Amino acid sequence: MKISIITKQQDLLKRPLAGDILKDADGTINIQIQELNNDDYEFLLAIHCLIENKLIEKRKIKITDIEDFEKSYYSNSKISGSQDDPGDEPDSPYHKEHIFATYIEMLIAKELNLSWKSCR
């Protein structure tokens with residue numbers, strides 16, 4: 001398994017929040033996360049993306065279902081420009097996977113002596 005993690009400015013990411021995961025033809029997993037100018041926070045974000053993606057893959061959740069849900073979520077005038085994560089929504093196709101990844105992220109934040117509130 002080969003994993004690459006890079007940071008990018010938020011406006012260069014495909015998704016409005018946090019990070020993207022792309023796979024190369026050779027199977028390399030490329031995690032592109034929001035540049036936060038803090039190694040600890042970027043590490044937490046990368047771990048979250050990796051866990052969430054693995055669970056989505058394992059449970060055969062269709063990427064098109066996720067993309068359709070997120071497109072609808074972000075175009076909703078009530079939340080347009082929101083910094084909320086669509087995975088937090090109970091009707092999100094990857095809600096369970098997102099919440100689990102968030103729990104793991106919180107546990108690691110605690111071990112790094114980081115305040116969870118400051119991570120978000």
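Computed from the coordinates by the stated procedures, all read-outs in this text should not be read as laboratory data. No experiment lies behind these values; they were computed from the predicted model shown.
Observations on the model:
- Spatially proximal lysines relative to K58 (Cα-Cα < 16 Å; intrachain offsets below 8 disregarded): K23, K96
- Of the DSSP H helices in the chain, those whose Cα atoms cover at least 15 Å axially and whose Kyte score averages 0.0 or more: 39-58
- Structure note, pairs K14/K110; K2/K117; K2/K60: Cα-Cα distances above 27 angstrom occur for K14/K110; K2/K117.
- Whichever aspartates and glutamates have a C-alpha closer than 14 Å to that of K54, once near sequence neighbours (fewer than 8 apart) are set aside: D20, E97
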